[in-house]
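The structure appears below as structure tokens.
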Amino acid sequence: MKLLEERILQQGQVRPGNVLKVDCFLNHQLDVELLDAIGAEFHRIFKDDGINKILTIEASGIAIACMTARHFGVPVVFAKKAKSRNIDGDVFTSTVHSYTYGRDYEITLAKKFLSPADRVLILDDFLANGKAMKGLLDVCQQAGCTVAGIGICIEKGFQPGGAELRAAGYKLASLAIVDAMDDTSLRFRAPEL
Ligand code: 5GP
């Protein structure tokens with residue numbers, strides 16, 4: 001998606017540890033017009049896949065998911081990172097290793113919001129090693145729902161998450177794929193969908 005690639009080139013900052021900061025427009029300060037265009041693009045790619053729910057993970061995925069949900073006319077549900085009590089066994093849980101913080105955390109999602117009848121589009125801001133996505137896919141498997149697609153704003157193509165998900169057969173659309181980056185330059189690969 002040209003618009004997103006241009007913004008990354010204009011305002012993205014490469015930080016030590018292969019971290020790309022895009023907090024000016026995507027995951028801290030939010031450019032709502034850009035997010036709306038991102039939602040329209042995800043809708044173009046996944047509109048024929050029978051999606052009836054969008055799933056994401058807090059916090060950065062929520063704005064992207066909400067703006068995309070406007071185009072689909074479906075609800076958003078997000079996995080929570082805060083530990084929820086699971087006294088009655090009423091939540092799905094999974095453990096995720098955080099790339100940016102270098103530690104494990106638990107995600108939870110109330111069972112009542114995901115069922116075998118659901119065809120889910122999973123969205124997130126970044127895909128790197130695929131650990132966050134693995135947690136969300138684990139929750140979907142526990143719920144017995146169908147993962148109809150995965151939409152990512154920025155895939156770091158030099159890390160293995162994207163290749164693994166494609167090899168596993170998921171319909172994965174990344175709107176910008178960064179193939180290489182350092183302090184002075186950033187190179188994109190053409191997205192496939
Ligand atoms: P993964 O689990 O695929 O290794 O990493 C994806 C998660 O880590 C995303 O939810 C995102 O929040 C965070 N993340 C991974 N790489 C980056 C990065 O380069 N920049 C930012 N801002 N977040 C990242």
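Quick notes on this one:
- Two-decimal log10 I(q)/I(0) for the range 89-193, as the Debye equation yields it once each C-alpha is a single scatterer, q = 0.17 Å⁻¹: -0.82
- Note on Thr100 and Glu192: the extension gain reaches 30.5 nm, defined as 0.36 nm multiplied by sequence separation minus the Cα-Cα distance.
- Rounded to the nearest Hz, the phi-derived 3J(HN,Hα) couplings of the range 33-49 under the Karplus curve 6.51 cos²θ - 1.76 cosθ + 1.60 (θ = phi - 60°) are 5, 5, 4, 5, 5, 5, x, 5, 5, 4, 5, 4, 6, 10, 5, 9, 9, where x marks glycine and proline.
- The relative contact order of the chain, computed from alpha carbon pairs under 8 Å that lie at least 6 residues apart in sequence, is 19 percent.
- Going from the fewest other Cβ atoms within 10 Å to the most, the residues Leu123, Leu4 appear in the order Leu4, Leu123.
- A Förster radius of 25 Å, combined with the Cβ-Cβ distance separating Glu6 from Thr146, puts the computed FRET efficiency at roughly 0.15.
- Taking the Cα centre of the range 16-59 as origin and assigning +1 to Lys and Arg Cβ atoms and -1 to Asp and Glu Cβ atoms, the resulting dipole is close to 120 debye.
- Overall Cα dimensions of the chain - principal axes, largest extent first, Å: 52, 37, 33
- Separation of the Lys21 and Ala40 label points, Cα + 7 Å toward Cβ, nm: 3.0 nm
- Ratio of the Cα radius of gyration of the range 24-132 to 2.2 N^0.38 Å, where N counts its residues: 1.11
- Exposed loop sites here are GluC sites (Glu not before Pro) assigned a DSSP state other than H, G, I, E or B and surrounded by at most 15 other beta carbons within 10 Å; excluding them, the longest clear run of the chain is 59-191.
- DSSP beta bridges in the chain [antiparallel fraction, %, rounded to 5]: 40 percent
- Loop sites in the range 11-119: chymotrypsin sites (Phe, Trp or Tyr not before Pro), DSSP, at most 12 other Cβ within 10 Å: Tyr101
- Crossing angle, helix 60-72 versus the chain [Cα axis fit, 0-90 degrees, rounded to tens]: 80 degrees
- The range 130-141 - phi-based ³J(HN,Hα) in whole Hz, Karplus 6.51/-1.76/1.60, Gly and Pro as x: x, 6, 4, 5, 4, x, 5, 5, 4, 4, 4, 5
- HN-Hα J in Hz across the range 102-119 - Karplus 6.51, -1.76, 1.60, θ = phi - 60°, x for Gly and Pro: x, 8, 8, 9, 9, 10, 9, 8, 4, 4, 5, 9, 9, 9, x, 6, 7, 10
- Cleavage-rule hits (trypsin sites (Lys or Arg not before Pro)) in the range 1-87: DSSP loop, at most 10 neighbouring Cβ within 10 angstrom: Arg85
- Extension gain, Glu58 back to Leu30 (0.36 nm per residue minus Cα-Cα distance, nm): 8.6 nm
- Over the chain, DSSP H runs of length four or greater, each weighted -39,500 (n - 2.57), average out per residue to a 222 nm ellipticity of -9000 deg cm²/dmol.
- For the range 1-15 versus the range 108-140, the gap between their alpha-carbon centres in whole angstrom: 26 Å
Since every read-out is calculated from the coordinates, none of them should be taken as a lab result. Since the structure is predicted, the reported quantities are computational estimates derived from the model, not experimental observations. A quick note on method: Cβ atoms are made from the backbone with ideal geometry, for glycine too, and the neighbour counts reach across all protein chains shown.
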